[in-house]
Amino acid sequence: MANLDHLAIVTYTSQDSKSIFKNWNSPPDSDRIASVSLLAESSSKPRIVVGSDHAGFRAKETIKKYLEGAGYRVEDVGTHSEESVDYPDYAKAVGERVAAGNDSLGVVVCGTGIGVSIAANKVEGIRAALAHDSLTARRAREHNDANVIALGGKVVGEDEAIAIVQEFLGATFAGGRHQRRVDKISEMDRVREHQT
């Protein structure tokens, strides 16, 4: 029978993205293991850029807090208060960050989600989808290869906003027949650019 006295027992639970490590033989090792595990979890998740106008500010802050707690790297392009601002500025900033490859995916929020989705879609290479529930968020990624999700801060509650973002980030593009359709959208972008 092997001597197992030198083995550490590591228990990992994920609750609010916090890890609990127990190591009865080597406390310094548990710190090292925790750091390595959390770093690997964080670096494997995409970088997310978030933006909103004043009407979407509270929802954006809730989403940002959730994302950071779940180990995502988050860039917040504003707004940073409920003082009245123009939503196209923030939708454009999110779209440009995603289109440039600085951030993998984007989340934009205004009162209804309509304005920010229209504005973000004006940025070449952006496929922003307005979602009001988990199904539309998942389909946006699976069928449309959406790279920005738009929400209405006055339309969905906090729990639903988080569920929408979770579905969006958890889904992947299905490809296949959907790729052909996404290619046609990309072609429309190229034609529009040649016309200007």
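Values in this text are rule-based calculations from the coordinates and carry no lab data. This is a predicted model, so every value here is computed, not measured. Positions of Cβ are backbone-derived with ideal geometry, glycine not excepted, and every protein chain shown enters the neighbour counts.
Would you work out the relative contact order for the range 127-177, in percent, from Cα pairs under 8 angstrom that are 6 or more residues apart?
Values: 74 pairs, mean separation 22.9, N = 51.
Taking the mean separation of contacting Cα pairs over the length of the range 127-177, I get 45 percent.
Tell me, what ³J(HN,Hα) does each residue in the range 130-137 have, in order and in whole Hz, if you take phi through Karplus 6.51 cos²θ - 1.76 cosθ + 1.60 with θ = phi - 60° and put x for Gly and Pro?
Along the range 130-137, the couplings run 7, 10, 10, 7, 5, 4, 5, 5 Hz.
Show me, for the range 178-188, the HN-Hα J-couplings you get by feeding each phi into the Karplus relation (A = 6.51, B = -1.76, C = 1.60, θ = phi - 60°), rounded to Hz, glycine and proline as x.
6, 4, 4, 6, 5, 4, 5, 5, 4, 5, 4
Long-range amide H contacts for D76: which residues qualify at under 5 Å (H placed 1.01 Å from N, peptide plane, sequence gap of 5 or more or a different chain)?
Result for D76 returns V50.
Just name one of F173, S186, A146: the one whose Cα is farthest towards the positive end of the charge dipole of the range 145-196 (beta-carbon charges, Lys/Arg +1, Asp/Glu -1).
S186
Quick one: net charge of D103's neighbours, Cβ under 9 Å, K/R +1, D/E -1? Let's see the in-between values first.
On the way: positive: R47, R73, R97; negative: E75.
After counting each charged neighbour, the total is +2.
Please compute, over every Cα-Cα pair in the range 49-193, the percentage with a separation greater than 20 angstrom. Present the calculation step by step, with values, prior to reporting the outcome.
Numbers: 4249 of 10440 pairs.
The calculated P(r) of the range 49-193 puts 41 percent of pairs beyond 20 Å.
With each pseudo-label sitting 7 Å past Cα toward Cβ, what's the E193-T136 distance in nm, one decimal?
2.9 nm
For E158 and E124 in the same chain, what is the full-extension length gain: residue separation times 0.36 nm, less their Cα-Cα distance, in nm? List each step's numbers first, then the result.
Details: separation 34, 0.36 × 34 = 12.24 nm, distance 3.02 nm.
Full-extension gain reported as 9.2 nm.
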